[in-house]
1. Can you find, among P58, L240, A100, the residue farthest towards the positive end of the dipole of the chain? Put +1 on the C-beta of Lys and Arg, -1 on that of Asp and Glu.
2. If you take the beta carbon distance between S234 and A53 as r and set R0 to 45 Å, what does 1/(1 + (r/R0)^6) give as a FRET efficiency, to the nearest 0.05?
3. Select from G167, G201, P145 the residue farthest towards the positive end of the dipole of the chain; place +1 on Cβ of Lys and Arg, -1 on Cβ of Asp and Glu, and compute about the Cα centre.
4. Among V280, V153, V104, determine the one that fluctuates most according to a GNM of the chain built with springs between C-alpha atoms less than 10 Å apart.
5. Quick one: what are the phi-derived ³J(HN,Hα) couplings along segment 21-26, Karplus 6.51/-1.76/1.60 with θ = phi - 60°, whole Hz, x for glycine and proline?
6. If a helix is a whole DSSP H run, which ones in the chain reach 24 Å or further along their own axis (Cα) and hold a mean Kyte-Doolittle hydropathy of at least 0.5?
7. Leaving out ligands and nucleic acids, note down the accessible area per residue over the chain with a 1.4 angstrom probe, in whole Å².
8. Roughly speaking, what is the stretch gain from A119 to R216, that is 0.36 nm per residue apart minus the C-alpha to C-alpha distance, in nm to one decimal?
Amino acid sequence: MRTLTVPARLPLRRLIAVSRPALWVNTVGTLVTGVWLTGHLYTLDPGVLALLAYLTLPFNLLIYGLNDLADREEDAVSPRKGGWQGARLLAGEGGPLLGAVLAVNVPFLAVLALLLPPAASGLLLVAAALFVAYSVPPLRLKGRPFLDGLSNVAYALPLALPALTLGTPVPWLPLAALMAYSVGKHAFDAAQDVPADRLAGTRTVATVVGVSGTARYALGWFVLAGALLWPVSSLTAAALWAVCGGMALALLREPTPERAARLYPLSIVTPWIVGTVAGVGLVYLLARGLWP
């Protein structure tokens, strides 16, 4: 009889797959944007550099590793898992993955607590706690309609970390805009999973209001995000409305999970598209010598 060997630890390539590198832009890109907004784009501050390293593999392993652990049964039958949209855990990988999440994150957070001012360190812990609460019982906000999306404001919090680290004003309007965008995007992305979530008994904002209601709900948050961003960069706000608003309207015209699944790749690249538009303004300022 063959004995199943449980790996003591997972190889690095497997940990990288679990951390979903295609989504690292949501953490690393947000931090870099925050650095840009401080006016110290070329800073060599040790705290900022350590944050940049942490928000790559370690933080994303915390976000998605815990999510995969909590959703193992659902992911086992999900056609979206097993590729760039997320790993499908194999038998025996749960324990080693949890050990890797703790081994990578706890020491990093301890070092960051020494390098960062208390406000920055505290905000980082809040973000980490929200991601833990999203996936892990007893809170498991993923299964609590509307709280599931609202907890995703955690994706926006790295935007404020450079300001708190370097002692510059917090960019409140961009921060609020990114929070609104994160709530809307979470709802939009959940629309494709309505059949699977209902089958599994998982209640989300999308299962409660349906695909059509989810499209409207997401659209409202995208409109709010653009309005908050408009005083800072009208060009970036217009790009957000065009891409994200257009995406939500497209789903509203054909409110089905299948349509949401076809639009999901566009949802994934919206940070790249809107960020590229925002970068045009930065390049212009740098070329004119108007940015520190």
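The values are calculated or read from the model by the stated rules, or taken from the named source; none is laboratory data. Treat the numbers as computed from the prediction; the structure is a model and nothing was measured. Note that each Cβ is placed from the backbone with ideal geometry, even for glycine, and that neighbours are counted across all protein chains shown. Surface accessibility is based on the protein's heavy atoms, side chains included, excluding ligands, DNA and RNA. Shrake-Rupley method; radii C 1.70, N 1.55, O 1.52, S 1.80 Å.
1. A100
2. It comes to 0.85.
3. My answer, from the dipole projection, is G201.
4. Sorting by GNM fluctuation, first place goes to V280.
5. So the Karplus estimates, Gly and Pro as x, are x, 4, 9, 4, 4, 5 Hz.
6. Working: long enough: 94-115 (32 Å, 2.07); 118-135 (26 Å, 1.79); 172-190 (27 Å, 0.72); 205-229 (30 Å, 1.50); 257-288 (47 Å, 0.86).
Correct list, ordered by number: 94-115, 118-135, 172-190, 205-229, 257-288.
7. Value returned for the chain: 47 Å² of accessible area per residue.
8. Taking 0.36 nm per residue and subtracting the Cα distance, the gain is 31.3 nm.
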